[in-house]
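The values are calculated or read from the model by the stated rules, or taken from the named source; none is laboratory data. These numbers come from a predicted model, not from an experiment. Cβ placement follows ideal geometry from the backbone for every residue including glycine, while neighbour counts extend to all protein chains displayed. SASA here: full protein model, heavy atoms, side chains in, ligands and nucleic acids out. Shrake-Rupley method; radii C 1.70, N 1.55, O 1.52, S 1.80 Å.
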Amino acid sequence: MTDSAAPGPMLTADGTPLKRSLNRALRLQKMRALALVAPLLIFVLITFLAPIVDMLFRSVENDIVADTLPETVVALKGWDIDSPQPPAEDVYNAFYIDMVLAEEQKEHTKLGTRLNYEQPGFSSLFRKAGRAVGKFDTDVYTKQFVALDPGWKAPATWAALLSKQPNRTALPLTARTWDRWAAYLDGEGKDPAKTKIADFLFTALYLDLASGAAKGADDPRIAATAAALPGFETVDIRAEFGKADADWLKPATWQVIKIFSPRYTNGYFLNAVDLKKGPDGIEARPENQQIYLMLFKRTLFMSLVITLSCILLGYPVAWILANLPSRTANLLMILVLLPFWTSLLVRTSAWKVMLQQQGVINDVLVWLGIVDDAHRLVMINNQFGTIVAMTHILLPFMILPLYSVMQTIKPTYLRAAKSLGATNWTAFWRVYFPQSVPGIGAGSILVFILAIGYYITPEIVGGTTGTFISNRIAYHISSSLNWGLGAALGSILLGAVLLLYWVYDRIVGIDNVKLG
């Protein structure tokens, strides 16, 4: 009996274990495959996923209030939103400083536009305030400070004073206001140490000194000025805003600003479902402003009707094409594909010409005596016009999947069913139709998803009763520039499509959908 050595691992020609060599080859193969699909993957990420993520972010982003009115937002935290009285004087003082800086940077109009989405009238309110803040009597503080110490007039004095941490700690509002002013001047290419000191900086200095927080300053000028402060003439900034517009003295104005002061908000999504944020929480919008839920329901209903219409019209056409000789079917397929070679705008405009009351269809009906000339049919600028035009436009997207699936159904199945005694209808319904259902599913998903997002055709032929939610999204993105609401509407529409897709998968099964 002889001992045999245990077999070692199989080696390649260069002495590397075969298993390791195979793993290395597989890794290289996967890396090559990844390198081939990487450009497409990057393209999809940039052009598809990135816009969706940006849309989702814009639907909750609300930085403009906190960025434009930082001092006001902080001051409003101490005000009870349910109070029947407007905020205290400190809120108006902070608002004055914020508004002057916002007006210099032309940001107050953008803020007014943002808040106008929530409460009509805010746009003009902020425009009035922007024109008025430069005329407030706050130059009283400037004159008194300069009369007390002419050094306050020099920008270099302020730059040197606020470059020291003890002074910045002692004068927090002044330091923050100076930093914002200096950042703005730097952006304009100006030197803060050489630019005339504006009245609102003197106002901020007065407010700091009046609060008694300047005791830690290490500059004798600050201590001397603080000692003389009791004799200063003051300005009622709240009254100045009241002169600009009486709405600034109403609690409702400040409620809106406080409600929408956080950097992230659900306000856009609430507006998208006909709700709004109020002092007491979520509230329903007035009935005459509730349009979005109706538009969502109309969009889903009309998309389903268009999908069903495409099935009813496309199924016979696909069946004929699938059962004709290949040469004839290919020639007729050109007619199905022909609309793809014609501009969408041209096709939609053609339907507008045909469906109008003085159009071709009404003229033919009048000529045949079916319709009285005085009572022509109204087939445009309504839901009927949208359904007809979109059914025509989307019909090829239903025919092509149906045709692809029907081509795979062997004619011998029908002949076998008939040979067993089935009638034509029974053979079709029990044998042929079930095999064509995957094509119906594929075409339905394609047509429905395309229909739910259409906006050009409904805009042209839909009028006021035939438009989709996509038309409002396009309006907010391109006309009203309310991108937050447009993004929220788009997000809800995307969520609705994904939900319907999930329901379809649970009921029918996406694995049963075929394109051929």
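Observations on the model:
- Between 360, 353, the distinction of being under 12 Å from residue 460 (Cβ atoms), without any contact (Cβ under 8 Å) to a residue 24 or more places away in the chain, surrounded by fewer than 16 Cβ atoms within 10 Å (Cβ to Cβ) and not hydroxyl-bearing (Ser, Thr, Tyr) belongs to 353 only.
- When restricted to residues that are open to solvent by less than 70 Å² (accessible area, probe 1.4 Å) and in contact (Cβ under 8 Å) with a residue 60 or more places away in the chain, segment 371-385 contains 4.
- Within segment 407-422, residues that are over 16 Å from residue 439 (Cβ atoms) have Cβ atoms under 7 Å from residues that are part of a helix (DSSP H, G or I) and of a type in the set (A, V, I, L, M, F, W, C) in these pairs: 414/427; 414/431; 417/427; 417/431; 418/427, counting only partners at least 6 apart in sequence or on another chain.
- Leading residue by the ranking (farthest from the chain's Cα centre (by Cα)) among those in segment 250-293 that are open to solvent by less than 30 Å² (accessible area, probe 1.4 Å), of a type in the set (A, V, I, L, M) and under 30 Å from residue 445 (Cα atoms): 270
- Flag set for residue 296, criterion: surrounded by 13 or more Cβ atoms within 10 Å (Cβ to Cβ), over 17 Å from residue 483 (Cα atoms) and in contact (Cβ under 8 Å) with a residue 40 or more places away in the chain.
- Scanning segment 324-344 turns up one or more residues that are within 21 Å of residue 468 (Cβ to Cβ) and open to solvent by 50 Å² or more (accessible area, probe 1.4 Å).
- Lone qualifier among 112, 121, 151 - being at positive phi and either in contact (Cβ under 8 Å) with a residue 24 or more places away in the chain or open to solvent by less than 40 Å² (accessible area, probe 1.4 Å) (or both): 121
- Checking 234, 225, 307 one by one, the residue that is hydroxyl-bearing (Ser, Thr, Tyr) and open to solvent by 40 Å² or more (accessible area, probe 1.4 Å) is 234 and no other.
- Counting only helices (runs of 4 or more DSSP H) that fall entirely inside segment 161-217 and contain at least 1 residues that are surrounded by fewer than 13 Cβ atoms within 10 Å (Cβ to Cβ), among the acidic types (Asp, Glu) and at pLDDT 90 or above, the qualifying elements are 172-187.
- Close pairs from segment 444-468: first free of Cβ contacts under 8 Å to residues at least 40 places away in the same chain, partner open to solvent by less than 40 Å² (accessible area, probe 1.4 Å) and small (Gly, Ala, Ser), Cβ under 8 Å, at least 6 apart: 455/470; 455/474; 459/474
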